[in-house]
Amino acid sequence: QVQLVESGGGLVQAGGSLRLSCAASGSVRSIDTMGWYRQAPGKQRRLVSTITSGGSINYADSVKGRFTISRDGAKNTVYLQMNSLKPEDTAVYYCLADFGPYGRTYWGQGTQVTVSS
C-alpha cells in the first residue's frame, strides 16, 4: 500500500505562482512514475505532468513553459512548480504514483487550485 499526501493548493490571481507537493509513504520502493493530473468541474481528469524514476519528464502542451515538475527520490516526493497561472488552470490537482505496467496506480486525495482573473 502507498499513501499520497498532497499540499500547496490554494487561491491565486492570474499570473501568480503556486507549488504543489506530494509525499508518498508506505511501500514506495518500486514506484516508477510520479506526477500530476487535474480535473476541472464537468471535465475528465487529464494529464498535467509526469516524471519517471529515471528522470524522463512529460508535460501537457497546455502547461509547457509554465509548469516544472521535479522529484526528490530520497524523500519520495514530487513537486509541481506552477508559474504564470491562468484561470483555465483552475482544477483539482491529483498526485499519482505508478508501479509500471504490472503494478498499481495510486492516487492522492486531490488539492484545489483556483486561479482568479
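For the pair residue 47 and residue 116, label points projected 7 Å from Cα toward Cβ lie 3.4 nm apart.
Sites listed here are trypsin sites (Lys or Arg not before Pro) in the range 4-50 whose DSSP assignment is loop and whose Cβ has at most 12 other Cβ atoms within 10 Å: 29, 43. For the range 1-103, the alpha-carbon radius of gyration amounts to 1.05 times the rule-of-thumb value 2.2 N^0.38 Å expected for a compact globular protein.
Between residue 27 and residue 84, the modelled label-to-label distance comes to 4.2 nm, taking each label 7 Å out from Cα in the direction of the beta carbon. Within the range 31-53, list the residues whose amide N lies under 19 Å from a label point set 7 Å along Cα→Cβ of residue 17. The answer is 49. Segment residue 64..residue 39, full-extension length gain: 7.2 nm, with 0.36 nm per residue of separation and the alpha-carbon distance subtracted.
Since every read-out is calculated from the coordinates, none of them should be taken as a lab result. Fair warning: this is a prediction, and the values are worked out from it, not measured in the lab. Counting neighbours? That spans all protein chains shown, and the Cβs are built from the backbone with ideal geometry, glycine included.
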